[in-house]
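Comments concern the structure below.
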Amino acid sequence: FFHRKKFYRAILREYFWATYLLYSRLLAINKPFHIKTRLLVLSANFPGMLKHLFSVLAASCLIHEAQGRLQFAGHRGGMSGHNTFVPEHSKAAYALGASNGVNYIEPDVISSGDGVLFVMHGNELGRTSDVSEKPAFADRKTTKIIDDGDGSSKATVTGWFSEDFTWEEISTLRLRSTLYDGDGPLDGIYSFMTFEEMMAYVETLSGMVGADAPFGVYPETKLSNYFASIGLPLEEKFMDAIANAGYCGYEEGGTICKGELGDKSLGPILLQSFCPESLRTLRTMTDLPTVSLINGGSTGELKLSTDKEKVNPDMVAEIATYADILSLPTSFPSAFFADATEAGKDAGMSIHAWYVDDDPELYTFLTDLGVDATFTNNMAYSHGAADMIDFLQDSGRLSGQDSPEETNSKSGDGAMSSLVLPVAIFAVVAMAGVTVWSHRRQNRQEKFSALEEDEIDEEDVRLSWNPNDVKF
């Protein structure tokens, strides 16, 4: 429902078509003695006639008076999260996210042992590939302590690690879904992609899907502290790949890769990391926008607050020295998230979030706060939410940012106003239906009177009726 007229036409089309089908079936049963059959047809079709109305009203009430337009970054592709068969960071995940309307594709970028950057979430290969089934790699299994990327915590992990493999070895592995213990229906089909291959694939997808604008790329330097500690820093090769893909360019003799010198036909790019050191390094190499990811839980809260209760504006302002965008976890308590959003905006940063799935109230919460973009694990659902928000914008109900008090006072009126047109249409349809039914009832009574006057036996009428005359 991208436009108001399309929305209204859709409602009209659905209801008049459903009503036509319903009453054409009823009118086809024009023989006497079959009132129960008519009622059965009515009861069977009535829920279908109401289905679209109630779904639209429910969405209108849940996504009420949202104050902006969210953009979506396909998290690990955008269709590889919960309840999916698709391996994350696979071509299938990127393609499904793209076909469902993502604005950005989000890859995590790590390194092989010989310094090739490729896309995978984390550096343990066994979680998303069939490496455990390869006898040649059985002796590579080990246990390591891994820095989570910003030094706030470390984890002990057992498995097969990317830094212990060459890219040639990694390219022999096949991806699998993280949900089905190696038995997913798309397991074993897709291989890992280098970072450069991934960016080229996104450009191809933009042309194939035919989006209004090319998809953006939202890459993360994953575990950058850890890789730097073992002699495999990510940032220089990361920027080389981005420059080679055309997202930025160098002036003659220059050392800063400038976005204005990039290929204008490409979509936007945002450089993200949990690690402040990585973002500071990137700031010395490019003027492309940088995004500071904030951890979930208490470690993330301590990046923004000294007591995990009240956001410290000075701490947020420090983040603004190396990041253009602040990306907050939706797992934060609502009040803390709202305070962090306000502090981030006051510091001159845009606000993003990670992530959404299928909670409709969360979409409203983020847009009411003026959050610009969010990661999504379920782009199909997010696309439906975005459609409804677009309709609300086109209807003139999203003309500006209101205060929380104004938003709350308007939300009830907005939900009620969304009922007016559908209810009016339904009333007209119902009145038409009652009129037709009354007319048929009168005709039926006249036929009964004629039968009584002619003294025709009721059993003869039943026997003379042809069931084939009943058309469903």
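The values are calculated or read from the model by the stated rules, or taken from the named source; none is laboratory data. This is a predicted model, so every value here is computed, not measured. Note: ideal-geometry Cβ built from the backbone for every residue, glycine included; neighbour counts use all protein chains shown. Please note that ligands, DNA and RNA were not included when accessible areas were found on the heavy atoms of the full protein model with its side chains. Shrake-Rupley method; radii C 1.70, N 1.55, O 1.52, S 1.80 Å.
Of everything in the stretch 283-293 that's under 17 Å from residue 107 (Cα atoms) and outside any strand (DSSP E or B), which residue is nearest to the chain's Cα centre (by Cα)? Restricting to residues being under 17 Å from residue 107 (Cα atoms) and outside any strand (DSSP E or B), the top hit is 289.
Selection over the stretch 95-150 of residues that are assigned to a loop (DSSP other than H, G, I, E, B), of a type outside the set (Asp, Glu) and more than 22 Å from residue 228 (Cβ to Cβ) gives a count of 7. Inside the stretch 174-228, residues that are within 29 Å of residue 246 (Cβ to Cβ), of a type in the set (Gly, Ala, Ser) and buried (at least 16 other Cβ atoms within 10 Å of the Cβ) make up a count of 6.
When the residues of the stretch 165-217 are filtered to those that are at pLDDT 95 or above and among the charged types (D, E, K, R), the one that is farthest from residue 227 (Cα to Cα) is 174.
Kindly indicate the residue of the stretch 293-340 that is among the β-branched types (Val, Ile, Thr) and in contact (Cβ under 8 Å) with a residue 12 or more places away in the chain and also nearest to residue 354 (Cα to Cα) among those meeting that condition. Selected residue: 330. Would you please list the contacts, defined by Cβ atoms under 6 Å and residues six or more apart or on different chains, that run from a residue in the stretch 87-104 that is on the phi > 0 side of the Ramachandran plot and surrounded by fewer than 24 Cβ atoms within 10 Å (Cβ to Cβ) to a residue that is modelled with pLDDT under 90 and not charged (D, E, K, R)? Listed pairs, sorted by first residue: 101/383.
Scanning the stretch 152-173 for residues that are exposed (fewer than 14 other Cβ atoms within 10 Å of the Cβ) and farther than 19 Å from residue 116 by Cβ yields 153, 154, 155, 156, 158. Tell me, yes or no, whether the stretch 368-385 has at least one residue that is outside any loop (DSSP other than H, G, I, E, B), touching a residue at least 12 places away in the same chain (Cβ under 8 Å) and farther than 23 Å from residue 94 by Cα. Yes: the stretch 368-385 contains one or more residues that are outside any loop (DSSP other than H, G, I, E, B), touching a residue at least 12 places away in the same chain (Cβ under 8 Å) and farther than 23 Å from residue 94 by Cα. For the stretch 258-266, the criterion of being part of a strand (DSSP E or B) and surrounded by fewer than 18 Cβ atoms within 10 Å (Cβ to Cβ) is met by at least one residue. The residues of the stretch 338-387 that are farther than 23 Å from residue 304 by Cβ, aliphatic (A, V, I, L, M) and open to solvent by 10 Å² or more (accessible area, probe 1.4 Å) amount to a single one, 380. Counting the residues of the stretch 107-133 that are touching a helix residue (DSSP H, G or I) at 6+ places or on another chain (Cβ under 9 Å) and among the charged types (D, E, K, R) gives 2.
Could we say that residue 128 is surrounded by fewer than 17 Cβ atoms within 10 Å (Cβ to Cβ) and among the β-branched types (Val, Ile, Thr) here? Break it down into steps so the answer makes sense when it comes.
Numbers: surrounded by fewer than 17 Cβ atoms within 10 Å (Cβ to Cβ): no; among the β-branched types (Val, Ile, Thr): yes.
It is false that residue 128 is surrounded by fewer than 17 Cβ atoms within 10 Å (Cβ to Cβ) and among the β-branched types (Val, Ile, Thr).
Answer yes or no: is there a residue in the stretch 324-344 that is farther than 18 Å from residue 270 by Cβ, more than 25 Å from the chain's Cα centre (by Cα) and in a loop (DSSP other than H, G, I, E, B). No, there is no match, as no residue in the stretch 324-344 is farther than 18 Å from residue 270 by Cβ, more than 25 Å from the chain's Cα centre (by Cα) and in a loop (DSSP other than H, G, I, E, B).
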